[in-house]
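These notes are about the structure you will find just below.
Computed from the coordinates by the stated procedures, all read-outs in this text should not be read as laboratory data. This one's a predicted model, so the numbers in the text were calculated from it and none came from an experiment. Cβ placement follows ideal geometry from the backbone for every residue including glycine, while neighbour counts extend to all protein chains displayed.
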Amino acid sequence: MTFRISAIPVGLLIAAMLCFIYLPVVVLILFSFQSGDLPVPPIDGPSLKWYVKALSNDRLTGSLINSILVGAVSSAAATVMGFLAAYGLFRRRPASADAIRVLLISPIAVSYLIVGLGLMIVFNLAGIGRSLVAVGIGHVVINLPLCFAIIYSQLGDHLRNIDNAARDLGAGDFATMSRIIVPVMLPSVIASFCLSFTLSWDEFIIALLLSRFEVTLPVMIFELMRAGLTPEVNAAGTIIFCISIITAVVAASLTILRPERKP
Amino acid sequence: MNRKPVDAAQWLAWPAILYTLAFFVLPLAVMVCVSFWVRRSSGLEADWTIDNYVKFFSRPYLITALLNSIEVTLITTALSVVLAYPFAYVLAFHVSPKWQKLVLLAAVLPFWTSYVVRSYSWLLVISDNGILNSFLLWTGLIATPIKIAYTRAATVLGFVHFFVLLLTLTLYANLVQISPSYLKAAEDLGASRWSVLWRIILPLSIPGIAVGAFLTFVITIGDYITPQILGGNTEVLLPQAIMLQIVRSANFPMASMMSLLLMLLILAVYGLFHRHLKMDRL
Amino acid sequence: MSDVAVELRDVSKNYGGYVALDRFSHSVRKGEFVVLLGPSGSGKTTLLSILGGFTTPSTGTVLIGDRDVTAMLPASRPTATVFQDYALFPHMTVRDNVAFGLAMRRIPKPHRFELAARALAVVGLDGFGGRRIHQLSGGQRQRVALARAIVIEPEVLLLDEPLGALDVKIRRQMQDELLHLQRKLGSTFIHVTHDQEEAMSIADTIVLLNHGRIEDVGAPERIYQQPASVFAASFMGETNLFEGKVTESRGGELVVETPAGRIIARGSAPPGAKVHISIRPENIRLGAQTEGTFGLGRAKLRDVIFQGTHRRCRAELEGKDAVALLLYLRPEAGELGDVASDLWVRPQDIALIHGEPA
């Protein structure tokens, strides 16, 4: 572009926005090292005591594992069902294809609170207790539309020819799907899984409504907060932040290294 | 007529269809029914009455919750768009490509703090003895701490922070795909930077803004945690009112009714905007 | 064992109210190189898709090698298709792509790779086995797609506008190579294109389609010189077309009254019949008539444009102002100003077309 605004006002705007965006993050991390009892100024010398407290909180570390389990299982289910539905509709377009698409995508338009509430009432009426499994079920409801939409949007004419080519050369349904379609679609399948995991990991209200004693991480943080605003929450929050970033970096580097792998 | 060869593909969509029907459509249908029931001390009675609906509109505090929700959501949506658009615009057109990626990455990083944790962090920032007040007191700009925490402003702040992040990304993605040919043509015909922005870029980004605004609206109006942590009890929004019905009296009928109201609100807004929202292009 | 490789009987395909193919019937001999030629929407791609098994016809029967394959899946048919965008599997090497069909037939690995290497050599890509698809040029991908199809030794090879995405020079080269390949393998090739020059270069038989129906079938030269319809005449190349009425019919020759004057054509039709006359621009010559040629009259030449192999120009026949002829003159014809010249044409270059245009 030949008509760029000069660097200085641009730089200032960007700096200002980034300051605003990072303010709470900085406060979070800074006061996790607080040696005093309150996560507010003045900050007394750096101390790791709150990290020790957080990591020795069994319920906290337990909720971390719960979050990973719920996230992994629900994301896997959403990704698999979403992929099959997208591929199925793509291969054979039944007359009801448009209606099916609307049905599968509709949960996106509904607030998580309503999804959670609906499930809670149904489970209650059916006598099914609240549990992590219930939370997982709820998370699949909110993630399935996304997986379906993402994968469906990537199925184009070029893929149709590849699908036809595989069948032309003698591959049956399963061989075509496993040897050709899934490998070619792997980037969007992985992206769907990662997005679902991220949303599940961070999800609060459905987890609150549908869990009982065993909780996920966001609900645990909420519990901690209700007990009192101490730097332990900061420490827990910072730990979550670091885990998330490390996971993202690992996932990103895996996707960059992928093309070199032998088929 | 020739027989069509059998293809397993027709069965592939069924798991997703059945799942959605069982765990999404069914609960919604149940909620509609339950909204006509009543919670009594003896238990849940299937009375089939519109009592709950009447009750809602005759209780001022519930109507206030609804109106508050609408107000807060509109303010949040407007502020978020107004803040995010210039940022996205500058990134898309006035920063060199390699810096774009870097700044975006930096802007996205805070996403990885948990949503609950972020609201909590803002509480720390704005509370009476938090970092903001401490700084202002230290510089002498104010004499006593400004009360921001546990007010509507705090709730809006928490929301806007999240949505500026989200909207910057979506608006940037939208702006970047505007063909550079349009801009070159406008430039070639003598348009200034401002004209290009006002007459070409802005009109072309309206669908993107509409989608972003709609998303912001829908997520905000149904959000429980941000107003709960930051807003305190001075003001109750609709999601909090719904949760109170559950937590205090397990009043499923009332909660269902209010949830349906929330959904109708969202559908109404979708109806208003659906011309701009091409959901089938998802 | 009959001589017929492919037979289509009354094959139709409708999409709702839209007719893509209308009662198409044709036979292809073994070892023939057939080109399905036509503009977009003519039904040629639909036809190929039906042959490959990707589309089921609404009515009609498809036989390949005397077997009824109408309801058969692509995997079971003795055909292989080369797709327009090549459809190479991006996550596999060239060798794995080519060997895929063999893998589906459970041929053991070492033998598979040997056959794949041989197929690659045949298409001129010796040693390319280890490369990845994204490293290849358009022409190379084309050849890999070919190798992948021929390695399974199909009875019929189907090609869907395979040369469309290539540069002109490479396209001509590939046309030659395709022809050589087909002669070498001896299998039946059915090739779809909208490019009439391409069709004429490689086909044994051209099937010209328009609006789902056959306009003309035959050897390239015959269709070009003696087209069966007005559409065929103009699709195969530029031509001078005259609508006319038969006034006399005498022993194999017809006298036709056209806006360009009286034209004598070979053929038979009852007097009073409506016909068309087609004369290709390169067949109209300048200068004095000689014995046995047919004179078209005097004309002034205008708008002469040099086009390499010929000079293109318009000629207005004296006394017939409404008629402008198109001429391709020999390059050495030189500059021609407002001087009027005599135009003539050989009788065999006057083509008679029966009936009304479609």
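Annotations
- Most tightly packed first, judged by the mean number of other beta-carbon atoms within 10 Å of their residues, the peptides C:197-206, A:230-239, C:292-301, C:78-87 read A:230-239, C:78-87, C:197-206, C:292-301.
- Across the range C:37-111, Cα pairs under 8 Å and at least six residues apart give a relative contact order of 18 percent.
- Summarised as an ellipsoid, the range C:209-272 has semi-axes of 24, 13, 11 Å, derived from the eigenvalues of the Cα gyration tensor scaled by 5 and square-rooted, with the largest first.
- Sorted by Cβ density within 10 Å, fewest first, the residues A:19, A:147: A:19, A:147
- In a DSSP loop and with at most 14 other Cβ atoms within 10 Å, the trypsin sites (Lys or Arg not before Pro) in the range A:155-263 are A:212, A:261.
- Relative to the globular-protein estimate of 2.2 N^0.38 Å, the Cα radius of gyration of the range C:124-219 stands at 1.16.
- As a ratio to 2.2 N^0.38 Å, the alpha-carbon radius of gyration computed for the range B:44-123 takes the value 1.85.
- Coordinate range along principal axes, alpha carbons of chain A, Å, largest first: 72, 66, 37
- Between residue C:240 and C:279, C:280, the built amide H atoms are under 5 Å apart, and every one of these is 5 or more places off in sequence or on another chain.
- 3J(HN,Hα) from dihedral phi, the range A:94-105, Karplus parametrisation 6.51/-1.76/1.60, rounded to Hz, x for glycine, proline: x, 4, 8, 3, 5, 5, 5, 4, 4, 4, 5, 8
- Our estimate of slack between residue B:195 and residue B:233, defined as 0.36 nm per intervening residue step minus the Cα-Cα distance, is 9.0 nm.
- Partners for residue C:13 among aspartates and glutamates (Cα-Cα distance below 15 Å; same-chain residues under 8 apart left out): C:22
- Close amide H pairs (under 5 Å, H built 1.01 Å from N) link residue A:215 with no residue at least 5 positions away or on another chain.
- Stokes-Einstein D (µm²/s) once Rh is taken as the Kirkwood radius of the range A:1-91 over alpha-carbon pairs, at 20 °C in 1.002 mPa s: 117
- Alpha carbon convex hull of the range B:1-148, projected area averaged over orientations, nm²: 21.7
- Between the listed residues C:229, C:212, B:159, the Cα displaced farthest toward the positive end of the dipole of the protein assembly as shown, a dipole computed from Cβ unit charges relative to the Cα centre, is found at B:159.
- Using alpha-carbon coordinates, inclination of helix A:58-91 to the longest axis of chain A, degrees: 20
- Rounded to the nearest whole Hz, the Karplus-based 3J(HN,Hα) values (6.51 cos²θ - 1.76 cosθ + 1.60, θ = phi - 60°) of the range A:143-152 follow the sequence 9, 4, x, 5, 4, 4, 5, 4, 5, 4, with x at glycine and proline.
- In this structure, residue B:29 and residue A:99 have a Cβ-Cβ separation that, at R0 = 25 Å, corresponds to a calculated FRET efficiency of about 0.90.
- When the Cα atoms of the range B:139-180 are aligned to their principal axes, the ranges along those axes come out at 53, 23, 9 Å in descending order.
- Ranked from largest, the principal axis spans of the Cα set of the range A:171-218 equal 49, 18, 13 Å.
- Close amide-amide hydrogen proximity is noted between residue C:209 and C:37, C:38, C:215, each under 5 Å apart and 5 or more residues distant or on a separate chain (H modeled in the peptide plane; Pro and chain starts excluded).
- Cα pair distances in the range A:1-52, grouped into 5 Å bins until the bin that holds the longest one, percent each: 4, 18, 18, 13, 10, 10, 8, 7, 5, 5, 2
- Alpha-carbon centroid distance for the pair the range C:77-152 / the range B:21-83, whole angstrom: 61
- For chain C, size of Cβ-based charge dipole, Lys and Arg +1, Asp and Glu -1, in debye: 1120
- Across the range B:72-86, computed HN-Hα scalar couplings (Karplus, 6.51 cos²θ - 1.76 cosθ + 1.60, θ = phi - 60°) run 4, 5, 5, 4, 4, 4, 4, 4, 4, 5, 5, 7, 6, 4, x Hz from first to last residue, x flagging Gly and Pro.
- With Cα atoms, 0 to 90° folded angle of helix C:168-185 axis to chain C main axis: 60
- Least to most buried among C:187, A:96 (fewest other Cβ within 10 Å first): A:96, C:187
- Once the gyration tensor of the Cα atoms in the protein assembly as shown is diagonalised, the equivalent ellipsoid follows with semi-axes of 71, 33, 28 Å, ordered largest first.
- Calculated on alpha-carbon atoms, Rg and Dmax of chain C in Å: 24.5, 78
- When Rg and the Kirkwood radius Rh are both evaluated on Cα atoms of the range B:237-277, their ratio Rg/Rh stands at 1.17.
- When you work out D = kT/(6 pi eta Rh) for chain B at 4 °C and 1.567 mPa s, using the Kirkwood radius from C-alpha pairs as Rh and the Stokes-Einstein form, the result is 58 µm²/s.
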